[in-house]
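**Student:** Can you read through this structure? Questions will come right after.
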Amino acid sequence: PALRIPDPRSTMDTVFGVKYDGGVVLAADQGNARSILMYQKNLDKVVELSSHSALGVSGPNSDLVNFSQYIQKNIALYELSNDGTKLSTHAQANFARGELAAALRRGPYQVNSLLGGYDVADGTSSLYFLDYMASLQKVNYGCQGYAGAFCLSIMDRDWQEGLTEDEAIAIVEKCVA
């Protein structure tokens, strides 16, 4: 499930995720602000990539929309071009990292993202941390954006192997609070 931070005053440009046994919880604020101006209070920063994966993005509005839609549409194109073959979460993360790396040389996307999903073939969930410099790391929990300093300490304390969905959601709700 994807949780959206409901507070419309939020300008913290943050996305975070927690992996549990059987899936990943991604959450993001919905604000689009620059300096003291709030442009939008309902921006969806979590994009569905496939039936079992999603991408949460933080960064400037134009870059996060362009990047997330580009990744989403190219993964859908891959499935259409290859007789419905779905990319694993690992393959999707590496594709996104490759696109960030290629963009570094021509006009980088200023986006930081978390890509999470569940692979039906092997029954595992995974979460990947990608930053604007095209680094990629598989993690159990992660945070991108301003709230990272606060949320990572909560996640570090509360995350444990074998979490249930309800326990993962409880960690995310602590981070939101």
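**Student:** Please work out how many pairs of lysine residues in the chain are eight or more positions apart (or on different chains) and have Cα atoms closer than 28 angstrom.
**Tutor:** The result is 16.
**Student:** Leaving ligands, DNA and RNA out of it, rank Glu173, Glu165 by accessible area with a 1.4 Å probe, largest first.
**Tutor:** The ordering from most to least exposed comes out as Glu173, Glu165.
**Student:** Would you be so kind as to identify which of Gly117, Ser62, Asn94 lies farthest towards the positive end of the dipole of the chain, taking Lys and Arg as +1 and Asp and Glu as -1 on Cβ and the Cα centre as origin?
**Tutor:** Ser62
**Student:** If you don't mind, another one. Only Lys, Arg, Asp and Glu count, each charged at its Cβ (+1, +1, -1, -1), so figure out the dipole size of segment 25-177 about its Cα centre, rounded to 20 debye. Before the final figure, lay out the partial values.
**Tutor:** Details: 11 positive and 17 negative charges, 151 e Å.
Value, rounded to 20: 720 debye.
**Student:** Also, I was wondering about something else. Using DSSP to define loop residues, name the trypsin sites (Lys or Arg not before Pro) in segment 90-177 whose beta-carbon has at most 14 other beta-carbon atoms within 10 Å.
**Tutor:** Values: sites: Arg97, Arg105, Arg106, Lys138, Arg157, Lys174; in loops: Arg105, Arg106.
Here the trypsin sites (Lys or Arg not before Pro) that fit, given the DSSP loop and packing criteria, are Arg105, Arg106.
**Student:** Now a separate question. For the chain, which whole-number percentage of the solvent-accessible area (1.4 Å probe, protein heavy atoms only) is attributable to carbon and sulfur atoms? Please report the intermediate quantities before stating the final value.
**Tutor:** Numbers: 4630 of 9120 Å².
Its accessible area is 51 percent carbon and sulfur atoms.
**Student:** Quick check for you: with a 1.4 Å probe and neighbouring chains kept, what is the accessible area per residue of segment 66-177, in Å²? Don't skip to the end; give the middle numbers.
**Tutor:** On the way: 6070 Å² over 112 residues.
On a per-residue basis, segment 66-177 sits at 54 Å².
**Student:** Between the alpha-carbon centers of segment 139-177 and segment 58-104, tell me the distance in whole angstrom.
**Tutor:** Each part's Cα centre sits 25 Å from the other's.
**Student:** Could you check the simple spin-label distance between His90 and Tyr146, using points 7 Å along Cα→Cβ, in nm with one decimal?
**Tutor:** Spacing of the two 7 Å Cα→Cβ label points: 3.7 nm.
**Student:** Using the basic label-point model (7 angstrom from Cα toward the beta carbon), what is the Tyr39 to Ala76 distance in nanometres?
**Tutor:** Calculated label separation equals 2.3 nm.
The values are calculated or read from the model by the stated rules, or taken from the named source; none is laboratory data. Fair warning: this is a prediction, and the values are worked out from it, not measured in the lab. Counting neighbours? That spans all protein chains shown, and the Cβs are built from the backbone with ideal geometry, glycine included. Surface accessibility is based on the protein's heavy atoms, side chains included, excluding ligands, DNA and RNA. Shrake-Rupley method; radii C 1.70, N 1.55, O 1.52, S 1.80 Å.
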